[in-house]
1. Can you tell me how many residues in region 433-469 are among the hydroxyl-bearing types (Ser, Thr, Tyr), farther than 20 Å from residue 39 by Cα and open to solvent by 20 Å² or more (accessible area, probe 1.4 Å)?
2. Restricting attention to region 24-64, and to residues there that are more than 25 Å from the chain's Cα centre (by Cα) and hydroxyl-bearing (Ser, Thr, Tyr), which single residue is modelled with the highest pLDDT?
3. What is the one condition in (1) within 17 Å of residue 476 (Cα to Cα); (2) surrounded by 20 or more Cβ atoms within 10 Å (Cβ to Cβ) that residue 150 does not satisfy?
4. Go through the residues of region 292-300 one by one and say whether even a single one is at positive phi and out of contact with any Pro (no Cβ under 7 Å at 6 or more places or on another chain).
5. Restricting to region 179-201, name every residue that is open to solvent by 50 Å² or more (accessible area, probe 1.4 Å) and not acidic (Asp, Glu).
6. Of the residues that make up region 47-60, is at least one touching a residue at least 60 places away in the same chain (Cβ under 8 Å), open to solvent by 70 Å² or more (accessible area, probe 1.4 Å) and farther than 21 Å from residue 103 by Cα?
7. Go through region 495-520 and count every residue that is more than 20 Å from residue 413 (Cβ to Cβ) and either modelled with pLDDT of 95 or more or in contact with a helix residue (DSSP H, G or I) (Cβ under 6 Å, 6 or more places away or on another chain) (or both).
Amino acid sequence: MQAIPGTEGLYRADEMNTPITAIPTAQLARRKSIVMKAKIDRVITRPYLPSGEDRIRNVITRVLGLDENEAVSILETVLQEFSHRHRYFRDSLQRNFDLVAGFVPDVDRVSKQRRLLIGAYFTAEYSVEAAALFNPSMVQVANQETDPEGSCRFVMSFRATGEGHISSIEFRSGIVDANNDIYFDALSDYVEAPEIHPNPSYDQHLFRLKLQEMGASNAVTHQLLNRLPDNFTFNDLQGKIAELQNSGQILSQEKTDAIDRAMWLARSNYQILFRKDHQISERVIFPVSESERKGIEDARFVRFVDDDGTVIYYATYTAYNGETILPQLIETADFLSFKVITLNGTQVQGKGMALFPRKVHGKYVMLSRQDGENNAIMFSDNLHFWQHAEILQVPEYPYEFIQMGNSGSPIETAEGWLVVTHGVGPMRTYSLGIELLDLDDPTRIINRIEEPILLPNSHEREGYVPNVVYSCGALIHQDELIIPYASGDQRCSIATLQLPQLLARLTQNASDPDPVTTVR
């Protein structure tokens, strides 16, 4: 690994000189030598609660039955064996004690050491990337004062998968320097889940609209929301529900269902916060709500610039509860505080939604795949609601005959919106393609490259899911398109394309879209 002035503590990904030769055609993409692999020793602490209140009480009784010396000895052993694996380990034990404190008799008389020991019995480690680290996206962030002149600082997100195939979001950071060499910040030994905001706030009008979209708007929810202020908190909602439940009337099934729907929506829209001293590579967004208890999948981050110039980072992702999927939205300005928001509307379905980095003619724009086969485009006045979609293109080339979709948010260039696509071909092989959309009318395809720009080579073919290369978002720096990608749904690498050559090929002989390629 080489270092350059001003990049101490960073690691460099040197470029391989071998062009991609997987298909017999002139190729533009070149692989970097870097390979990012999962590390099984990156673990978080999670609550570990046996099923049933009786079992919880039994464990607490056994711990309280220990004499003081034995209890202290067991706690010291736990701290010695595990505290070096986690920042603020004692805080984690205390939080998990708080989860069961209501089952502890005479809780106020329990010593601090005994509380921590009870917390340890209700804590488990989880290796967030034990199975795989894959499907990266990459966005530009503000440079630090120590970054070299002409460099571009980035944050890269990943889908990390551990025990039970539960997926979460992890991060790495680094810079692309003026020579387009890529350096990653040193990877921390720790990984930490954020604090969950105990009392998030909601916009009543937006909350009401979302209930309507869910088909859960009725007299009960209207009565409930009419008792709440324009901006209310989770505690406010719980309080009004408690008043309704304690009114002395027997609740009908309709009222019970309405309350359950309102609480489900509230819990699916939450806020999380990381400590400022947590490095970016230490932060992991682990499933919180019931709708995502089996995974947060394939986050596509985008640097979004609003009409007033405000920069905010959004990510669309797929929440999975083990049976159904739900498209969700993440919002952050600093990668420390995150809001997780449900997306609504008749066209919020399927996987692979990718938001454009700015509005077009005053409307939000998003690529999507409603039917699992074709690439679609959507426009909306409201970021949270998507009612209309049209097919942008259907599979046309052999490498995408099974299905096609985007591989991240479009990137704006002077010639048009540059879109990295993915296609599925024979033997369920996933490849990456590329196309150019009209800046003023992104429903118009200016041109596509007929062959994939990247498909699995012999080193990338094997993995958790064989024969797959996939990306969730790229960026451009110094006339180079930088595409982080996963191979085999297990590990990640980087490929690059020279922008002038790429755009020259995409704009040559460009004409109005073929009616077979673009279906309106």
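1. Adding up the residues that qualify gives 1.
2. Step by step, filter region 24-64, then rank; the result is 61.
3. Among (1) within 17 Å of residue 476 (Cα to Cα); (2) surrounded by 20 or more Cβ atoms within 10 Å (Cβ to Cβ), the lone unmet condition for residue 150 is (2).
4. Yes; the residues of region 292-300 include at least one that is at positive phi and out of contact with any Pro (no Cβ under 7 Å at 6 or more places or on another chain).
5. Residues satisfying the conditions are 179, 187, 190, 196, 197, 198, 201.
6. no
7. Residues meeting the conditions: 0.
Okay, residues lined up against (1) without any contact (Cβ under 8 Å) to a residue 24 or more places away in the chain; (2) out of contact with any Cys (no Cβ under 7 Å at 6 or more places or on another chain); (3) closer than 15 Å to residue 409 by Cβ:
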site	(1), (2), (3)
303	no, yes, yes
311	yes, yes, yes
339	no, yes, no
366	no, yes, yes
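The values are calculated or read from the model by the stated rules, or taken from the named source; none is laboratory data. Remember, it's a predicted structure, so these values are computed and weren't measured experimentally. Glycine also receives a Cβ, built like all others from the backbone with ideal geometry; neighbour counts cover every protein chain displayed. SASA here: full protein model, heavy atoms, side chains in, ligands and nucleic acids out. Shrake-Rupley method; radii C 1.70, N 1.55, O 1.52, S 1.80 Å.
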